[in-house]
Structures are given as structure tokens and as C-alpha cells.
Amino acid sequence: MALIVFLSATSGCSQTNTDRVETKQPSPRAQQVLSASQAGKIKVVATFLPMYWFSKAVAGNAAEVEILVPPGTEVHEYQAKPENVKAIAQANVLVKNGLGLEEFLEETVKNARNPKLIEINASKGIQPLQQVSPVVETSQKQHEHATGNPHVWLDPVLAKQQVINIRDGLIAADPTNKSTYEANAATYIKQLESLNQEFQQTLQKYPSCTFVTFHDAYPYLAKRYNLKQVAVVEIPEEQLTPADVQKAVNAVKKYRVKALFGEPGTDNKLLTSLSRDLNLTLRPLDSLETGPTDPQHYFQAMKKNLQTLVSACK
């Protein structure tokens with residue numbers, strides 16, 4: 001049995017209870033304004049990187065797509081800037097992940113005062129996972145997932161549902177380009193289906209692969225491919241106490257962990273030190289919240305994640 005620990009330089013996600021599940025349709029007046037603007041491209045703003053990838057993949061060249069939260073920026077606790085308000089004020093469509101992830105969004109939309117804005121909740125129809133494993137708490141209380149875990153984009157099957165939701169929302173906002181949105185979405189969905197098959201065929205060889213996580217970003221991935229998340233160890237991002245470190249070490253030993261996973265591009269001294277102390281290899285696992293804006297990067301990053309999982313599960 002391979003036992004894995006997922007560690008991240010970021011904390012758990014902030015959540016709120018105000019997330020709306022439905023796609024918000026514009027008023028009749030807004031429909032008229034939108035129809036009048038259809039001679040040009042509609043403007044779409046997506047909250048953060050995965051939502052941008054999916055929106056851009058569906059829109060192609062038929063719509064202008066802009067990202068609100070710069071890649072590599074912590075989306076969970078992001079504070080909106082004046083340019084975000086301006087972007088939403090000028091947009092036709094706003095695409096969000098939902099499930100309480102974008103805590104900054106409600107007030108930002110309110111400040112934008114855009115009556116014609118159509119909001120697409122990419123997680124519409126997706127049943128969120130609540131706590132799926134024990135939580136080992138440290139001295140600093142971390143964020144709770146009040147509306148369920150939001151990291152659905154890390155499951156290719158759920159990512160497909162998000163693409164479908166975005167496709168349908170763009171068609172509602174811009175029916176003139178319906179055929180383009182349908183064709184682009186179909187191409188991307190085919191890639192997602194192929195990726196899912198690759199994950200299934202590869203990870204079915206390791207049905208007993210179990211992990212402990214420090215960043216609760218992977219429960220959908222684990223559930224989809226029959227991996228097992230046995231605990232979430234919550235640690236502060238900085239100012240760790242000796243007791244915090246000891247609890248982390250105890251959890252690793254309790255579950256006989258065989259690998260440590262950090263996020264690509266982060267230089268976390270805690271993880272490096274912990275891996276040395278426990279004589280474990282520190283490997284990168286990507287939550288896909290940073291990277292280039294090319295929609296194809298989703299597949300490149302996910303395939304690297306698959307290779308990392310295989311190397312640790314063996």
C-alpha cells in the first residue's frame with residue numbers, strides 16, 4: 001500500500017454561504033442591450049485560471065475573454081482591485097467556479113453596477129463534497145468549506161460539466177455564435193474524456209493508494225479514481241509552532257506516508273525540512289491555480305499530476 005501526503009504552500013479555501021447555483025439571466029432590458037451589441041464580440045470575464053481556460057476554450061475567437069485574478073495569486077483570499085470592478089462593469093458575461101470559492105466576487109459585482117451582466121456558475125449541477133476525512137487541527141484554525149469543497153476542476157469528469165455549463169451560458173448570452181461555442185466545447189470535451197480514460201486506466205493499478213493532505217484540494221480527484229484520503233492536517237502558512245510541526249510529523253507517521261507533495265514553483269522551507277526529517281521525497285502536485293493562459297495547459301498539468309501520482313503510488 002502506497003501512502004501519500006499532499007502538501008501545499010497555500011491554506012484551505014475560504015467559503016461563504018452566499019454562492020448562487022443557478023445561471024443568472026439578464027432582465028428584458030438587458031437582453032435588448034445585449035442584442036444591440038451582438039454586432040461585435042461579447043466580453044467575458046473569468047474569475048481565475050481554470051475558469052479562464054475553460055471559457056477561452058469554448059469562446060475561441062468569437063468572444064473576448066479576460067481573467068480577473070492573475071495566475072499565481074491566491075484566489076481563496078483575493079481582495080478585488082478597482083480594475084476588477086471596471087472589467088465587470090464593462091463585461092457581458094462573468095464566469096465563476098462557484099461553491100463559495102470566489103469570496104471577493106459578490107461585493108465586486110455589486111460595485112460594478114452592471115445590469116446587463118450574465119453570471120455563469122460553472123459548478124451548476126455538481127454535487128459538492130463535504131468533509132470526506134478526519135481533520136487534524138493545529139494551533140491556528142484554518143478555513144472551512146461551508147458550502148462544500150470547491151476544487152471540482154481537478155476531476156476531468158466534473159471539468160467537463162463545467163465546460164458544458166460555460167458553453168450553455170455563452171450561447172444564452174450570444175446566440176449568434178451558438179455553432180462556434182458548440183464546436184469548440186465539443187473539441188475540448190473530447191480531450192477531457194480522453195484524459196479521464198487515461199487516469200482511469202493508469203490509476204486502477206493502484207487501488208490501495210492512500211494519502212494525507214495539507215491542502216484539501218484533491219478529494220474529487222481521489223473519489224473519481226478510487227484513491228483514499230484518510231486525513232487533512234491543517235497547518236498555518238507561516239509562524240509554525242513546534243506543536244504544529246509535531247502534529248504534522250505524527251500524522252505522517254500514523255498513516256505510514258511514503259511521499260510528500262508540494263505545489264510546483266513554491267519554495268516552502270517547511271516541506272523541504274519535513275521531507276528531510278522523515279527521509280521522504282518531495283514531489284510537485286499541481287492544483288492548477290497558476291500557469292500559462294493557454295487552455296491546453298490544463299491537459300499538460302493534469303498529465304504531469306498523473307505521472308507524479310504513479311511514481312508515488314508504486
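Report, by residue number, each residue of segment 105-137 that is part of a strand (DSSP E or B) and either at pLDDT 90 or above or buried (at least 18 other Cβ atoms within 10 Å of the Cβ) (or both).
So in segment 105-137, the residues part of a strand (DSSP E or B) come out as 118-121, 135-136.
Matches in segment 105-137: Ile118, Glu119, Ile120, Asn121.
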Please go through (1) surrounded by fewer than 19 Cβ atoms within 10 Å (Cβ to Cβ); (2) in contact with a Phe, Trp or Tyr (Cβ under 8 Å, 6 or more places away or on another chain) for Leu195 and return the number of the only condition it doesn't satisfy.
(1)
So which residues in segment 294-309 are in contact (Cβ under 8 Å) with a residue 12 or more places away in the chain, out of contact with any Cys (no Cβ under 9 Å at 6 or more places or on another chain) and more than 20 Å from Lys190 (Cα to Cα)?
Thr308
Which of the helices (runs of 4 or more DSSP H) found entirely inside segment 205-314 contain at least 1 residues meeting this: aliphatic (A, V, I, L, M) and at pLDDT 80 or above?
219-224, 297-313
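The values are calculated or read from the model by the stated rules, or taken from the named source; none is laboratory data. Note that the coordinates shown come from a computational prediction; the quantities given were computed from them, not determined experimentally. No Cβ is skipped: glycine too gets one built from the backbone with ideal geometry, and neighbour counts run over all protein chains shown.
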